[in-house]
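See below for the structure under consideration.
The values are calculated or read from the model by the stated rules, or taken from the named source; none is laboratory data. Just so it is clear, the model here is predicted, and its values are computed rather than measured. No Cβ is skipped: glycine too gets one built from the backbone with ideal geometry, and neighbour counts run over all protein chains shown. Side chains included, ligands, DNA and RNA excluded: accessible areas come from the protein's heavy atoms. Shrake-Rupley method; radii C 1.70, N 1.55, O 1.52, S 1.80 Å.
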Amino acid sequence: MGFTSLDDIINQISVNGKYLRRESQKSTAPVHTAGGWHLLCGLNGYPNQSTYPSTTDLMFKACTENWGDGTTILGMLHGGVPAGTAPTKHILNVGASVVAAAGAPWQLKLVDLEGYYKLSGANVTGTSLRTCINTDTVVASSSGGLLLTYTYDWNSGTKVRFTTSGTLPTGLSLLTDYWLVRQSSSTALVATSYANAVAGTVVPWTDNGSGTHTMTIQMRNPSGTGVEACFVSQTLPTAGGPEMRTSAYTNSGGTGTRSFQPTASPYIVMNATADAYAARVIHSAAAAGRYGAFLPKQAADAGIQKVDSFTWNNGTAYTGTGVIELCLVKPLCDIIVPATGVWTERDLVNQLPSLPKVETGACLAWMLFGAGATTTGSPVISAIDFAWGG
Amino acid sequence: MPGFRNVRKLAVSVSTEGRTRTSTIRKTPVQASAAGAWVDLSMAPGIPYPNYYASEPYIGSVLSPWRGILHGDAVAPKSKHVHVVSLMPSAAGMTGTYMLLDYLLYYPFIDLDAVGETQVLDNGVAIPRYVDGEGVQAFLVAVAPTTGAGIFTFDYVNQLGQPRTSPVHTMAASAVSIASIVTALPGNVNSGYGPFLRLLGSDTGIRSVTSLTMSAAGGGLGALVLCRPLMAFQLFEAGTPTECVLIQDSKILPRVYDGAYLNMICQTPSSVAGVTVLGRMEFAFSED
């Protein structure tokens, strides 16, 4: 619902107390090379460092405020589900500083990390088609509610929709969002909202439906609108730097077989080892074929619902034991930090777009871009002011 | 209808409907420049990576949009516009006036020593996006260091399709390094009129350039670049970001056509060598 006016913002904050300020601090590592983007949730500090856990390569692991990556709360907490009548949470102000002997100036980008697909082993070094796992076949039963049994280990808080060849179990509907409440590595109960999932309020069992039921992941941001994709290194490969000439994603309009661009030279190129260290966005650098923080979307696509596949089959294949995450994020705002130790603030009430919305369950993380080679062990400190209406 | 019908349409496009693209910019020129000179930042190392106008001499060529300031794939039939510019110079050498240009076509490796020779330029490739040439300007940038004081004219086709010969131009009196615009410093008469070459009479644009003739040697080599200026802005102070949210600041959202190669030129109070400019540009595209 947002805010109806500036007076409403002031009233919600000062009278109704619908305001929260949260801080974070991350420590950079290793030394960064100049001109690259970094996703900081894999670094030490507060929130805790994520190791991007996943028992199955290429499956989508949803990240949320309450459950993090399924193991670690990796996002900045922002007060949970806001109370009120159809409330929406927004960012009023952000502040940040970086204290480093080198690397200034910096640009910081706040993102909502929707989740990631983990790549390891041959999925990093190979040249074959990588097919991402965005669906699962589910079998319904009764255990503490409507229990779903499936193949892959989906995180609690994963937003899904169901389709079926027959009839869905009572309590589930087509074209409707649900949230998983993980019970084990192959089972989950189902909630009708994120808030209900947090509260443990689940859909009761009535029947198992009929036919074959399929579950498909959904983005927290409706239809994946505004969602971008980036490859982030967790463990650097030994050598290489492949090209990505072929890819497929489903855009926010639901159209599949979309491709990251360009699909002709100059192709997207992944960085060599020196620029593929932990936390680095491996297609960002001051070189040909690097297109910044995010993989360029096709034509006028406004977002990504899911990544379906990609191939790294040209250039120089990676070798070694590298681990990479294909992350899906929704950018929220940017702030420039001009010099070391300078605290910079950005008022997001009085500019366009204003008051970036924080979706329920958002997993907030920072991305860092350094003009120079940011010294290792440098603290990146931030504070965010939130308010909600409704 | 291109563009946005109202402010709300723009805000919604960017904030909730994902019709936006963001580009990271980080440029650190290596070549020295004179105080007050105009410098072509497309030739500077960094992000986007440098352009050297390296193709066959005299033949008009276009630049790939994927090698300039990234604004994303084609969005037609929607229209794309510059929405936010946020840049910060790391030192005083990169403060000054900046222009965002759509680089349309260039003619490389023009010999600035070839006195008396009419250097015929090949126009097998037509000017893209602004096909009538309306509003298209030209600048001559050094791709090899000059010795200075050269004098030249050029023949061109104006926005009405009429063949014209330009006024006499004088290069900067002193030598300029690679990436400096050769006519942009006062030196002799007929120089120092800004970054763009002067056109004849009331001409308002260039459709093509057909030849260039040196009447006095200026040394070095140049690339003659046809461009469409999109916007200008100031970077005021080292270590201080300049942020322009164009709908609020100027009420003008320059349109970026599909396929545009975007980059910048700048005029600074001292040499740009070794100084960094960092920031981003955001683009928004329409609903329909």
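A single entry from A:Leu326, A:Leu295 fulfils the requirement of being part of a strand (DSSP E or B) and under 19 Å from A:Leu129 (Cα atoms): A:Leu326.
A quick yes/no check of all residues on (1) out of contact with any helix residue (DSSP H, G or I) (no Cβ under 9 Å at 6 or more places or on another chain); (2) among the small types (Gly, Ala, Ser); (3) modelled with pLDDT under 95:
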site: B:Ser211; (1), (2), (3): yes, yes, no
site: B:Ser215; (1), (2), (3): yes, yes, no
site: B:Gly220; (1), (2), (3): yes, yes, no
site: B:Val225; (1), (2), (3): no, no, no
site: B:Met231; (1), (2), (3): no, no, no
site: B:Ile247; (1), (2), (3): no, no, yes
site: B:Gly259; (1), (2), (3): no, yes, no
site: B:Leu262; (1), (2), (3): no, no, no
site: B:Cys266; (1), (2), (3): no, no, no
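The rows are residues; the columns are (1) within 14 Å of another protein chain (Cβ to nearest Cβ); (2) among the aromatic types (Phe, Trp, Tyr); (3) closer than 30 Å to B:Ala114 by Cβ; (4) touching a strand residue (DSSP E or B) at 6+ places or on another chain (Cβ under 8 Å).
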site: B:Met1; (1), (2), (3), (4): no, no, no, no
site: B:Pro29; (1), (2), (3), (4): yes, no, yes, yes
site: B:Ser55; (1), (2), (3), (4): no, no, yes, yes
site: B:Ile59; (1), (2), (3), (4): no, no, yes, yes
site: B:Arg67; (1), (2), (3), (4): yes, no, yes, yes
site: B:Lys80; (1), (2), (3), (4): yes, no, no, yes
site: B:Val84; (1), (2), (3), (4): yes, no, no, yes
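At least 1 residues being open to solvent by less than 30 Å² (accessible area, probe 1.4 Å) and of a type in the set (Gly, Ala, Ser) is the threshold, and among the strands (runs of 3 or more DSSP E) wholly inside segment A:18-118 those reaching it are A:19-27, A:60-62, A:89-98.
(1) within 14 Å of chain B (Cβ to nearest Cβ); (2) open to solvent by 20 Å² or more (accessible area, probe 1.4 Å); (3) under 28 Å from A:Arg280 (Cα atoms): which one isn't true of A:Ser247, the others all being true? Unmet condition: (2).
Residues in segment B:128-148: is at least one within 14 Å of chain A (Cβ to nearest Cβ), open to solvent by 10 Å² or more (accessible area, probe 1.4 Å) and in a loop (DSSP other than H, G, I, E, B)? Talk me through it step by step, then tell me what you get.
First, the residues of segment B:128-148 that are within 14 Å of chain A (Cβ to nearest Cβ): none.
Within segment B:128-148, none of the residues are within 14 Å of chain A (Cβ to nearest Cβ), open to solvent by 10 Å² or more (accessible area, probe 1.4 Å) and in a loop (DSSP other than H, G, I, E, B).
If you take the residues of segment A:351-371 that are open to solvent by 10 Å² or more (accessible area, probe 1.4 Å) and assigned to a strand (DSSP E or B), which of them is farthest from the other protein chains (Cβ to nearest Cβ)? Step through it out loud before you land on a result.
Initial filter on segment A:351-371 (open to solvent by 10 Å² or more (accessible area, probe 1.4 Å)): A:351-357, A:359-360, A:366.
Next cut, assigned to a strand (DSSP E or B) only: A:357, A:366.
On the way: A:Lys357: 7, A:Trp366: 15 Å.
Once the filter is applied, the top-ranked residue is A:Trp366.
Look at segment A:215-229 and say how many of its residues are within 12 Å of chain B (Cβ to nearest Cβ) and over 13 Å from A:Ala62 (Cβ atoms). Residues flagged as within 12 Å of chain B (Cβ to nearest Cβ) and over 13 Å from A:Ala62 (Cβ atoms) within segment A:215-229 amount to 5.
Between B:Pro45, B:Pro50, the distinction of being touching a helix residue (DSSP H, G or I) at 6+ places or on another chain (Cβ under 6 Å) and either within 11 Å of chain A (Cβ to nearest Cβ) or crowded, with 23+ Cβ neighbours inside 10 Å (or both) belongs to B:Pro50 only. Among the residues examined, A:Ile336 qualifies as over 25 Å from A:Thr125 (Cβ atoms) and open to solvent by less than 10 Å² (accessible area, probe 1.4 Å).
Would you call A:Ala279 away from chain B (no Cβ under 14 Å) and surrounded by fewer than 24 Cβ atoms within 10 Å (Cβ to Cβ)? Yes, satisfied. Based on this model, can you work out whether A:Ala264 counts as at pLDDT below 95, within 14 Å of another protein chain (Cβ to nearest Cβ) and assigned to a loop (DSSP other than H, G, I, E, B)? In short, yes.
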